[in-house]
1. Filter segment 53-89 down to residues that are basic (Lys, Arg) and more than 25 Å from ASP21 (Cβ to Cβ), then give me how many there are.
2. Hey, SER54 hits all of (1) without any contact (Cβ under 8 Å) to a residue 40 or more places away in the chain; (2) touching a strand residue (DSSP E or B) at 6+ places or on another chain (Cβ under 9 Å) but one; which does it fall short on?
3. Against the condition aromatic (Phe, Trp, Tyr), at pLDDT 90 or above and closer than 21 Å to VAL9 by Cβ, how does PHE37 come out, does it pass?
4. Could you grab me the full set of residues in segment 64-92 that are surrounded by 15 or more Cβ atoms within 10 Å (Cβ to Cβ), touching a residue at least 60 places away in the same chain (Cβ under 8 Å) and in a loop (DSSP other than H, G, I, E, B)?
5. I'm trying to understand the selection: among the residues of segment 40-76, which are under 16 Å from SER13 (Cα atoms) and among the acidic types (Asp, Glu)?
6. Would you mention how many residues in segment 19-42 are touching a Pro at 6+ places or on another chain (Cβ under 8 Å) and farther than 19 Å from ASP78 by Cα?
7. Mind checking which residues of segment 25-63 are of a type in the set (A, V, I, L, M) and in a helix (DSSP H, G or I)?
8. Quick one: would you say THR5 is polar (S, T, N, Q) and modelled with pLDDT under 90?
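The values are calculated or read from the model by the stated rules, or taken from the named source; none is laboratory data. Everything quoted here is computed from the prediction, not taken from an experiment. Cβ sites come from the backbone with ideal geometry, for glycine too, and all protein chains shown count toward neighbours.
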Amino acid sequence: MIAATPERVPVLSVHCRLYFDGQHNRWVFKAPQQIMFPDQFTLTVLQACDGRCSEQQIAHSLVACSARENATIEDVLDLLDEFERRGYLSVMSAAG
């Protein structure tokens, strides 16, 4: 896992899209050659990747209000790391 720092701010990559499919009443995450229907926890993490909040802010706030009983900060950071590794997220520096 890449060490999360307050300066790392995740945002969906330009070639990825998260949207609500009203016809099928579900959220869809689209990436090149990939379509996912995220569970509630993953959806909440992806929605938080708005380019304004750091990884640590996202992790702490989601764990504090998570519907998933055993959610940990490490769960959130691992998911962010996995999505970054797959190219679904870009990570910017809050300083620049």
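1. Summing the residues that are basic (Lys, Arg) and more than 25 Å from ASP21 (Cβ to Cβ) in segment 53-89 gives 1.
2. It is condition (1) that SER54 fails.
3. no
4. Residue satisfying the conditions is TYR88 alone.
5. Once the filter is applied, which keeps residues that are under 16 Å from SER13 (Cα atoms) and among the acidic types (Asp, Glu), segment 40-76 yields ASP50, GLU55.
6. 1
7. LEU43, VAL45, LEU46, ALA48, ILE58, ALA59, LEU62, VAL63 - these are the residues of segment 25-63 that are of a type in the set (A, V, I, L, M) and in a helix (DSSP H, G or I).
8. In short, yes.
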